[in-house]
Structures are given as structure tokens and as C-alpha cells.
Amino acid sequence: MRFPNVRVFEGPQELARAAANTFAEEATQSIREKGRFAVTLAGGSTPKALYELLAAEYVNALDWSRVHAFFGDERCVPPDHEDSNYRMAQEALLSRVPVGSVHRMRGELSPPEAATLYEEELAAFFDDRPDFDLVLLGIGGDGHTASLFPHTPALEVRDRWTVENPVEKLGTERLTLTVPVINGAQGIIFLVTGESKSNALKEILEGDADPREYPAKLIHPFGKLTWMIDRGAASLLYQRLSGKKV
Ligand code: 6PG
């Protein structure tokens, strides 16, 4: 059974395989049509399997020299820190394929400075406003996406592309693309695995809670939106709607 734009996979490996195929298809089409593929990478742990699969099996599947890698958010740490989204993506993928360019958020700088620098980098790459060809996102168990956490200032920002976002419950600041920039993308794919995300996913896809509670609800892209989820993450969805055990 398929929900609109929701694709359910047996587990994380099957999801990573399907996501790698979709990535390669989207990249090839964008490169054919525009001569480039500007993709925003997600952080956290979920996309790592996808990145590793792309590096291991898709080196010849697309023209990586036309792929330009950006980040949806970053932790305020240096690029070699274990919490760095850049480091994860660099080790799993970007150092293993001949990618055209990599645009990382400078987590080692003061957050306001890093946010402004990233906006300048976006302005230098994109003629007008950032229109990513594909944005990869995850969600947290609290419904956050990128570093757009519940009840944080960045949720309300409409006149910036990148901001520093103080996240009280983490006791730190994060760097994140803003909602309008993410929603300006040609395509967005959410990658979600594990039962720990099932409550938030049910709320995001079916619930009527305020989006400030579940910020992933603020994501309604200009282009195509796809949810690639595994059975664990989908577990509450199915029970609620079909009453059938997944
Ligand atoms: C980050 C991410 C964040 C992530 C979710 C899910 O920097 O943490 O960009 O939005 O996608 O927190 O993280 P996991 O994939 O580790 O569950």
C-alpha cells in the first residue's frame, strides 16, 4: 500500500538502495537539462548508508563533476569534529567521488558569521535565489528537520537563506537553511528509518498539530516531495489507517 509520495521499504538497506537509484536518476536528468545538479545533503546518521552506497557503486552512474554538494544544516563544530555533518558526508561520499564542488557551512566560525558567509556562498553559486535540484532531509523524533527544531527562532525566518538557530534543549546553536529556501527546491526527499521516528512521522503526515511542534510539517516544496521510510518508521501510520499490522 502506498501513501501519496510515501514509499515504504523493508529496512534501512532497501531504503538506501532505492534512494541511491533515485539520486542517480535525478542527478542525470538535472545534468541533462541544466548541466548541473545542485544537491543539499542531510546530516545525522540516517543518510550515511546512502552516501556510502553511492560512493561504492555509483561512481560511474553519473557525471559527478557536475554535482555541487551543499548542506541543509550544520553543528557548530570544526569540520574534523565527530559531530560534523560535513565530516560524515566527506568520509562517506564526497572524498570518494570526483564531485564538482562542495559547499560546507563553517561550523568552526561564530554562528552569525558562518550563516552570513554561507548566504554569500549561495548567492555566488545561484544567479537569483537558491533553487536546489534536490534537498535531502531527515527528521528527529521531535519532528525537527535540518536544524529547524520545535519552537526555535529559525522557524519564523522568511527573509534569510541561512541562519544561526539557538536550540535551547540542546544547549547550543545550529546553522540551518531556512524554510523558504528548502521549499524553493525542485525536489525534496525525506529519508526516515526506525520506530523511534514513528510517532513524529504520524503527526507530520496525518496529525493536525501546530507545525511549530513538528517543523517538518513546514516543508511543502515548490517541486516534488517524497518520503522514503522504512517499516519501523511507518509502523504507526499503517496501524492507524488500515488497522493491519505492517
Ligand atoms: C542533523 C540533521 C538532522 C537529522 C535528524 C535525524 O544535523 O542532526 O541534519 O536534521 O536529519 O536529527 O538524525 P538521524 O538521522 O541521526 O536520526
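The count of lysine pairs in the stretch 95-246 with alpha-carbon distances below 21 Å, taking only pairs 8 or more places apart or on different chains, stands at 9.
Put a plus charge on the Cβ of each Lys and Arg, a minus charge on the Cβ of each Asp and Glu, and nothing anywhere else: the dipole of the stretch 148-246 about its Cα centre is then about 440 debye. Screening the chain for DSSP H helices whose Cα atoms reach 20 Å or more along their own axis and whose mean Kyte hydropathy is at least -1.0 gives 12-34, 111-125. Could you compute the FRET efficiency for Arg17 and Asp210, with r as their C-beta to C-beta distance and R0 at 30 Å, rounded to 0.05? For Arg17 and Asp210, the calculated efficiency is 0.25.
Distance between the C-alpha centres of the stretch 185-219 and the stretch 123-182: 15 Å, rounded to the whole angstrom. With +1 on each Lys and Arg Cβ and -1 on each Asp and Glu Cβ, how big is the dipole of the stretch 47-143 about its Cα centre, in debye rounded to the nearest 20? Charge dipole of the stretch 47-143: 280 debye, to the nearest 20. The antiparallel fraction among DSSP beta bridges confined to the chain stands at about 35%. Spin-label model, Arg158 to Glu120: label points 7 Å out along the Cα-to-beta-carbon direction sit 2.8 nm apart. For Val6, nonlocal amide neighbours, meaning residues 5 or more places apart or on other chains whose placed amide H falls under 5 Å from its own, are Trp227.
A short reminder: the numbers here are calculations on the coordinates, not readings from a lab. If you're wondering where the values come from, they're calculated on a predicted model, not measured in any experiment. Because the Cβ atoms are built from the backbone with ideal geometry, glycine has one as well, and the counts that use them run over all protein chains shown.
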